[in-house]
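All remarks here apply to the structure that follows.
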Amino acid sequence: MSTNTVKLKIDGVDVTAAEGTTILKAAKDVGIIIPTLCSLEGLTAYGGCRLCLVEVSGTPKLFPACTTPIGPGMDVTTQSDKLKEYRKIAVQLLLAERTHICSVCVADDHCELQAMANQLGVDHVMFERNWSREEIDSTHDFLVIDRNRCILCTRCIRVCDQIEGVHTLDLKLRGKDSQVIMDLDEKWGNSCSCTSCRKCAKVCPVGAIYVEGEPIEHTKKRDVAEFIVERRNRK
Amino acid sequence: MAQELEFQNAYKYRINVCCSSGCVPFGALKVLKAFEDAVKEFGVEKECKVARTGCIGTCSVGPAVLVEPGDYLYQSVTPERVREIVRDHIVLGLPVKDMLYERNAYFKKQHRLVLRNAGKIDPSRIQDYINMGGYGGLLKCLTDTPQAVINELIASGLRGRGGAGFPTGQKWSLVARAQNSPKYIVANLDEGDPGVFANRTLAEADPHAIIEGMLIAAYAIGAEKGYIYIRSEYPLAIQTLQKAIAQAKAMTLLGESILETPFKFDLELRFGAGAFVAGEETAILASVEGKRAMPRPRPPYPANSGLWQKPTLIQNVETLANIPLIIQNGGAWFAKTGTPKCTGTKCFSLTGKVNNPGLIEVPMGITLREVVFDVGGGVPDGKKFKAVLVGGPSGGCLPDTLLDIPIDYDSLVKVGAIMGSGGIVVLDEDSCMVDTARFFTEFCVDESCGKCTPCRAGLARLKDVFGKITNGAGEMSDITTLEKSSSFIRDGSLCGLGQTAPNPVITTLRYFKDEYIQHIVEKRCDAGKCFKSRGEEEIE
């Protein structure tokens, strides 16, 4: 761990943090919560959802807080009209991309996308909805993936690779056709590498991966990765 | 070396037959064979060399044949007329006038630095390249310090030709200064844009210029291993490069102790599988490592943490082909061409509704009007010019009123276009701008890697809106949707693909909004491109 510290400003607050810390972490440490979806403590940053974009004065570019390290003298703005507008569009795009109907979703009331929409004040979707017909795989004894609800945050893929260490899950195809798959696109029930550890279901921010028959509040333990990493680091 | 010169000088004439990917489909290989036969038939094979070369530049009138000395360029040569050329031109010394290409318009405003050898040398013979002064840059730099080489680059003002225009000398300094080792070089030959063929043509015509550029870069930054990342769809370029690498190895220009110095450098080809996004600099690294070609956020920048987390220099092959010239002639010499902030030349694939399509190389700072109307010869069939798309599928559509801007990185960005991969598509009055924006949006939807929300989900929704408008179901609110989502995709996307993908939408909305309104309100498309398939009955 580097002992060098960096001084910067986040939303006008003076912040001092260790060199190499991300803007997201540095902000959190002083109580400034930047909206995120794909980011999860304990997993590597992905930078995909684009909700955590922030402004840095002196450049017109926007930076994802989850992957951008702090720099000396940085002046970061986490809330502006433009950022609020963009975050709303991002959530609307995710809601329109596949089939998200809260009332018939297992994750209703335990869904980070739903909570994010509420938090950001998304009260309508300006896009034509793309009612997707993606494959549902319930061949596993108790784990189910409903790809219609997937937001492609890849938390499940990262937790499977980085925490469980088996890399059963990965992506196939690209762009809007991207899908989470098991092994070389096997049915989940036929996967030879899956250890049925349920971590994918625990960290999934939405209702795409869940445990059949289990109350959702029992399944969703999104701090599992952070917890395991912290325990492993204890000597 | 002397032997080779003697060999070359023994010939009085040299017939260069373009056998690049542009001319081969027109029957260039048959023409080449016909020349070889005819030369023998007339018994002039001792004084006339028939060479298989790369692109001469006049792709619209292939197969093209260049007869030297005198630079006589024959167009649309058929095997039937080859005997006539050999008989009249080589034997009797009388060029066949009716087949000669009218050179003035097309070549006058061009300035060929990168394409200096294209169409003049046989790319399969390293001796041809050496004869033109090739590998002289490498020789010269080996007698100098790496820092002196970098200083020359900085003095030249060369900027990356991959599209973003980052100063090359500065990039080299960053990699040279990086502490970690080993260091790598990746040459980007993943030219994925529809209608763009500059890098392919360069590799097919002058592969050693790329290799020499990489060698000089390797010496300057201290790299021992390089990769050329090339798309599998370029079989001839791959073949040409493989041969060139083997020849360079045989002459100790690659491998251990290059030219009997301690400097060593190894070069390998890596093949892409045709994903447009794989040309993005962090995606290319993932692909070279054998992973899925998905971009990652920067920082860390490849200069510090690239291939296998080691310092890596990534350059477009066109940038690399400039390097030997800069080292040989000096940075100050190079900086004389182009504009002060944007030196040198740029290759463009000029296509679309233009009289002289082809691969062109023009000095930076030339105006778009000169490119379209002087080099390109204007719009054919007396049609009216409508717009020019600069920068490939994620470029901007610029109207006639903007044609007088100079071509350089900064001016283009100001008007909403990009240098990009160097694609220039000319559109005439028969093109519908809404349909054009729809076409390129669909391309980017297919090519998005799917990592970030704006590019993956945003572009797909743009495509839906275009579907609505071009089917007659458009509403005025759709324009707001297009504008809002385009700016989010531009500002919010992770990599260059997403950040530039909405450019055709943004620029057509800026310069041709009338057409959108016409499509939405009057359900009318003057160019007759829209409302065709499903929408016929929807038109009032």
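Bear in mind these aren't lab numbers, they're just calculated from the coordinates by the rules spelled out. Since the model is a prediction, treat every value here as computed from it, not as a measurement. So basically every Cβ, Gly included, is an ideal-geometry build from the backbone, and we count neighbours across all protein chains shown.
Restricting the search to the stretch B:472-488, which residues are more than 9 Å from every other protein chain (Cβ to nearest Cβ) and free of Cβ contacts under 8 Å to residues at least 60 places away in the same chain?
If the condition is that a residue be more than 9 Å from every other protein chain (Cβ to nearest Cβ) and free of Cβ contacts under 8 Å to residues at least 60 places away in the same chain, then B:G474, B:E475, B:M476, B:D478, B:I479, B:L482, B:E483, B:S486 are the ones that fit.
How many residues does the stretch B:272-307 contain that are within 22 Å of B:P393 (Cβ to Cβ) and not aliphatic (A, V, I, L, M)?
Looking only at that region, the number is 10.
Go through (1) crowded, with 23+ Cβ neighbours inside 10 Å; (2) part of a helix (DSSP H, G or I); (3) aliphatic (A, V, I, L, M); (4) in contact with a helix residue (DSSP H, G or I) (Cβ under 7 Å, 6 or more places away or on another chain) and name the single condition B:L236 misses.
Looking at each condition in turn, B:L236 falls short on (1).
Filter the stretch A:85-104 down to the residues that are part of a helix (DSSP H, G or I) and away from every other protein chain (no Cβ under 12 Å) and list them by number.
Selection gives A:C102, A:S103, A:V104.
Scan (1) free of Cβ contacts under 8 Å to residues at least 12 places away in the same chain; (2) in a loop (DSSP other than H, G, I, E, B) for the single condition B:G133 breaks and write down its number.
All conditions pass for B:G133, except number (1).
So which residues in the stretch A:114-142 are away from chain B (no Cβ under 13 Å) and either part of a helix (DSSP H, G or I) or in contact with a strand residue (DSSP E or B) (Cβ under 8 Å, 6 or more places away or on another chain) (or both)?
A:Q114, A:A115, A:A117, A:N118, A:Q119, A:L120, A:E134, A:E135, A:I136, A:D137, A:S138, A:F142
Looking for whichever is within 14 Å of another protein chain (Cβ to nearest Cβ), among the aromatic types (F, W, Y) and either touching a residue at least 12 places away in the same chain (Cβ under 8 Å) or in contact with a Cys (Cβ under 7 Å, 6 or more places away or on another chain) (or both) here; the options are B:Y301, B:Y227, B:Y234, B:Y219. Which one fits?
B:Y301
Where residues in the stretch B:29-64 are under 18 Å from B:S124 (Cα atoms) and surrounded by fewer than 23 Cβ atoms within 10 Å (Cβ to Cβ), which of them is nearest to the chain's Cα centre (by Cα)?
Selected residue: B:R52.
Condition first: assigned to a helix (DSSP H, G or I), of a type in the set (D, E, K, R) and in contact with a Ser or Thr (Cβ under 8 Å, 6 or more places away or on another chain). Now tell me which residues in the stretch B:404-457 satisfy that.
B:D435, B:R438, B:R456
Do we have A:V15 as away from chain B (no Cβ under 14 Å) and either under 13 Å from the mean Cα position of the chain (by Cα) or part of a strand (DSSP E or B) (or both) here?
Judged against the criteria, A:V15 is a match.
Among the residues of the stretch A:40-70, count how many are of a type in the set (D, E, K, R) and within 9 Å of chain B (Cβ to nearest Cβ).
Residues meeting the conditions: 2.
Taking B:D71 as meeting all but one of (1) surrounded by 15 or more Cβ atoms within 10 Å (Cβ to Cβ); (2) under 32 Å from the mean Cα position of the chain (by Cα); (3) of a type outside the set (G, A, S), write down the number of the exception.
Status for B:D71: all satisfied but (1).
Just name the residue that is surrounded by the fewest Cβ atoms within 10 Å (Cβ to Cβ) out of those in the stretch B:210-232 that are outside any helix (DSSP H, G or I) and β-branched (V, I, T).
Per the stated criteria, the residue is B:I230.
Mind checking which residues of the stretch B:413-471 are in contact (Cβ under 8 Å) with a residue 60 or more places away in the chain, among the β-branched types (V, I, T) and either within 30 Å of B:R292 (Cβ to Cβ) or within 8 Å of chain A (Cβ to nearest Cβ) (or both)?
Answer for the stretch B:413-471, where residues must be in contact (Cβ under 8 Å) with a residue 60 or more places away in the chain, among the β-branched types (V, I, T) and either within 30 Å of B:R292 (Cβ to Cβ) or within 8 Å of chain A (Cβ to nearest Cβ) (or both): B:I418, B:T441.
What pairs come out if I take residues in the stretch A:157-181 that are more than 12 Å from every other protein chain (Cβ to nearest Cβ) and pair them with residues that are part of a helix (DSSP H, G or I) and surrounded by fewer than 17 Cβ atoms within 10 Å (Cβ to Cβ) whose C-beta lies under 7 Å away, six or more apart or interchain?
A:I163/A:I228
If a residue must be assigned to a helix (DSSP H, G or I) and either more than 26 Å from the chain's Cα centre (by Cα) or of a type in the set (A, V, I, L, M) (or both), how many such residues does the stretch B:481-522 contain?
Within the stretch B:481-522, residues that are assigned to a helix (DSSP H, G or I) and either more than 26 Å from the chain's Cα centre (by Cα) or of a type in the set (A, V, I, L, M) (or both) number 27.
Assuming B:C19 fulfils every condition listed in (1) at positive phi; (2) touching a residue at least 24 places away in the same chain (Cβ under 8 Å); (3) not polar (S, T, N, Q) apart from one, which condition is it?
For B:C19, the exception is condition (1).
Restricting attention to the stretch B:180-209, which residues are over 17 Å from the mean Cα position of the chain (by Cα) and either outside any loop (DSSP other than H, G, I, E, B) or free of Cβ contacts under 8 Å to residues at least 12 places away in the same chain (or both)?
B:Y184, B:I185
Collect the residues in the stretch B:433-480 that are farther than 30 Å from A:K172 by Cβ and more than 28 Å from the chain's Cα centre (by Cα), keeping them in residue-number order.
B:I469, B:T470, B:N471, B:G472, B:A473, B:G474, B:E475, B:M476, B:S477, B:D478, B:I479, B:T480 - these are the residues of the stretch B:433-480 that are farther than 30 Å from A:K172 by Cβ and more than 28 Å from the chain's Cα centre (by Cα).
Quick one: which residue in A:C111, A:C197 is out of contact with any strand residue (DSSP E or B) (no Cβ under 9 Å at 6 or more places or on another chain), of a type outside the set (S, T, N, Q), buried (at least 16 other Cβ atoms within 10 Å of the Cβ) and within 23 Å of B:G458 (Cβ to Cβ)?
A:C111
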